[in-house]
1. Check 218, 182, 178 and return the single one that is part of a helix (DSSP H, G or I) and either among the acidic types (Asp, Glu) or modelled with pLDDT under 80 (or both).
2. Restricting the first residue to segment 116-128 and requiring it to be modelled with pLDDT of 90 or more, which pairs with a second residue that is β-branched (Val, Ile, Thr) and surrounded by fewer than 24 Cβ atoms within 10 Å (Cβ to Cβ) meet a Cβ separation below 8 Å and a spacing of at least six or different chains?
3. What pairs come up if the first residue lies in segment 63-75 and is touching a residue at least 12 places away in the same chain (Cβ under 8 Å), the second is buried (at least 18 other Cβ atoms within 10 Å of the Cβ) and aromatic (Phe, Trp, Tyr), and their beta carbons are under 8 Å apart, counting only those six or more places apart or on different chains?
4. Considering each residue of segment 39-57, count those that are surrounded by fewer than 16 Cβ atoms within 10 Å (Cβ to Cβ), touching a residue at least 60 places away in the same chain (Cβ under 8 Å) and not in a loop (DSSP other than H, G, I, E, B), and give that number.
5. Could you list, in sequence order, all residues of segment 11-38 that are assigned to a loop (DSSP other than H, G, I, E, B) and either modelled with pLDDT of 50 or more or touching a strand residue (DSSP E or B) at 6+ places or on another chain (Cβ under 9 Å) (or both)?
6. Assuming residue 248 fulfils every condition listed in (1) at pLDDT below 85; (2) part of a helix (DSSP H, G or I); (3) of a type in the set (Gly, Ala, Ser) apart from one, which condition is it?
Amino acid sequence: MNSSSLTQIPVRPNMSSFGPFEIGSTLSSVLLGISTLQAWNYFLNFPKDRIIIKSMVAVVYFTDVLQSAFFAHTVYWFTIIGTENGLASNDLHVLTTMPWTLEASVALFAFVNFTVQTYFCHQVNYISRNIYIALGCFFLALVRLGLTLAILGPMSSNNTLLVVNTPTFKWEIISELAVGTAADVLIVVCMCIGLRAQRTGFSHSNRLVDRLVSLALATGVMTSVVSIVQVATYATMPTSFVWVACFSLTSKLFTNSLLASLNRRGRASKATPVTVEIQRHVEMTYMKDCSSTDVPGKVTESRDSESC
């Protein structure tokens, strides 16, 4: 192997460039543990939710688990298998070869993000009562899905970490992160505006609305900040792979935001009769046996009706 080819390799013999992979895998495991607890609480507390909602939660959660397993294998490949192969063959270029699980991890990442953003687009439509705004949010989510899947193209054609320096990969990942951040911000802004419109003159109901707004803001801010950090670190130091650590966290943040959105109903619906009515107005109809003939303004006392 000549010296010119060695200079093209974006990793060092001490493997320090793979540190972000390990850090990202560790932090994503922590977030996966939190989402596991949230998923358990959801299925325990809301057994009467519609089958489509429960199926969505199950599919998103298990897809996220599989994505974590694939990313963990990617870390193992780079730090163990790749090192052994490189030492055995005396060819450092082996260290840059990507395993198939990294591409699979990107595909599952795209699926989780798109599913969760589609769910929030539906909530935007329900809260704002404006189908055009919801369709705008959905369009951005759809564009993000396409750009994320497009990244798989250069990854397949150039099956090494050198792909991060190719022009096609650069514009695709920067565009994906920019569109994704715009979609997150738009969804959060629309939800907050719609929720603020539900404020009344009652302090209890106003506190509930403020709490829902803060939860929506927290969800959007976390994913947006991670995306901004990811694009900034990639644009300034792509071969350090710090941005990969952010990539490993994004789908976990989306999964936790979905589960937090569903589980918050239990906390909000136990406040007061006024907050129960506001909660029923601003949330989607999850229960399969909710009556469609409820009298507006009338609050039932049963636990099942409060969960609707």
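1. Only one candidate passes the filter, namely 218.
2. 116/60
3. 63/111; 67/109; 74/21; 75/18; 75/21
4. Adding up the residues that qualify gives 3.
5. Within segment 11-38, 15 is the sole residue that qualifies.
6. Result: residue 248 fails condition (1) only.
The values are calculated or read from the model by the stated rules, or taken from the named source; none is laboratory data. What you see is a predicted model; the values in this text were computed from it and never measured. Glycine gets a Cβ as well: all are built from the backbone with ideal geometry, and neighbour counts include every protein chain shown.
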